[in-house]
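> This is the structure, below, for whatever I ask next.
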Amino acid sequence: MKRPANLGKADKELIAAATAAIKLRYRDDWQEVGAALRTRSGRVFTGVNLDAYLGRMAVCAEAVALGRAFVELGDAGIDTIVAVRHPSPAEKDQTIAVVSPCGACRELIFDYDRKARVIVPNGKSARAVRIGDLLPNKYSRGPQR
């Protein structure tokens, strides 16, 4: 994996936007993950996970944020994306923290922008990496864009 990038002011603002989204819409056992995506043009879109009784019907927060961006702007490119998790009321530590995207979200992010940056946990802090660093030897069905 390449050396991680330090987080800048815009990255910290993106984490704050994801945190604000899940604080606003948190529901125990339903919505616990918030995401924020900054497009290459600088627009920020947020989302929260959409849980369901039938687990395979659930939608991740990153996909919701990407869907909102795509509906409004089309394929505008992903500059940076981040997801954060809100702890359940039963957890001792009530800190909202950056989480890594699941495997499906990694694939989705890569499919929409192979140069996207992803903010991931790094001990008690966070760092930014390229999506390709999270998916080595990624399958591709066509030429790289």
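The values are calculated or read from the model by the stated rules, or taken from the named source; none is laboratory data. Remember, predicted model here, so these are calculated numbers, not experimental data. Here the Cβ positions follow ideal geometry from the backbone for every residue, glycine too, while neighbour counts run over all protein chains shown. These area figures cover heavy atoms from the full protein model, side chains too; ligands, DNA and RNA do not enter into them. Shrake-Rupley method; radii C 1.70, N 1.55, O 1.52, S 1.80 Å.
> Hey, could you get me the Stokes-Einstein D for the chain, Kirkwood radius over alpha-carbon pairs, 4 °C and 1.567 mPa s, rounded to whole µm² s⁻¹?
Rounded to a whole number, D works out at 84 µm²/s.
> As a test of reading the structure, rank Y139, Y53, Y26, Y112 by solvent-accessible area (1.4 Å probe, protein chains only), most first.
Ranked from most to least accessible, the order is Y53, Y139, Y112, Y26.
> As I understand it, the value is the acute angle between the Cα axis of helix 61-73 and the longest principal axis of the Cα atoms of the chain; what does it come to in degrees, rounded to 10?
Tilt of helix 61-73: around 60 degrees.
> Which value, in Å² and to the nearest 10, is the accessible area of D51 when all protein chains are kept and the probe is 1.4 Å?
Counting only protein heavy atoms, D51 exposes about 60 Å² to solvent.
> So, in the chain, how many Lys pairs have Cα atoms under 19 Å apart, if the pair is 8 or more places apart or on different chains?
8
> Next up: Extending each Cα 7 Å along its Cβ direction at K92 and K9, get the distance between those two points in nm, one decimal.
3.8 nm
> Another question, if that's okay. Just the accessible area for D93, please: 1.4 Å probe, Å², rounded to the nearest 10?
Here the accessible area works out near 100 Å².
> Also, quick follow-up: How much area per residue is accessible in segment 1-93 when the probe is 1.4 Å and only protein heavy atoms are counted (Å²)?
Roughly 59 Å² per residue, with all protein chains present.
> Kindly express, to the nearest 10 degrees and within the range 0 to 90, the angle between helix 9-25's C-alpha long axis and the longest C-alpha principal axis of the chain.
40 degrees
> Nearest 5 is fine: what % of DSSP beta bridges in the chain come out antiparallel, could you say?
90 percent
> Where does each of S88, S41 land when they are ordered by accessible area, with a 1.4 Å probe and the largest first? Please list the in-between numbers first.
Numbers: S88 25, S41 85 Å².
So the residues, ranked largest to smallest area, are S41, S88.
> At what distance in angstrom do the alpha carbon centres of segment 1-64 and segment 119-136 lie from each other?
About 14 Å separates the Cα centre of segment 1-64 from the one of segment 119-136.
> For segment 7-73, what's the radius of gyration and Dmax over Cα atoms, in angstrom?
12.3, 39
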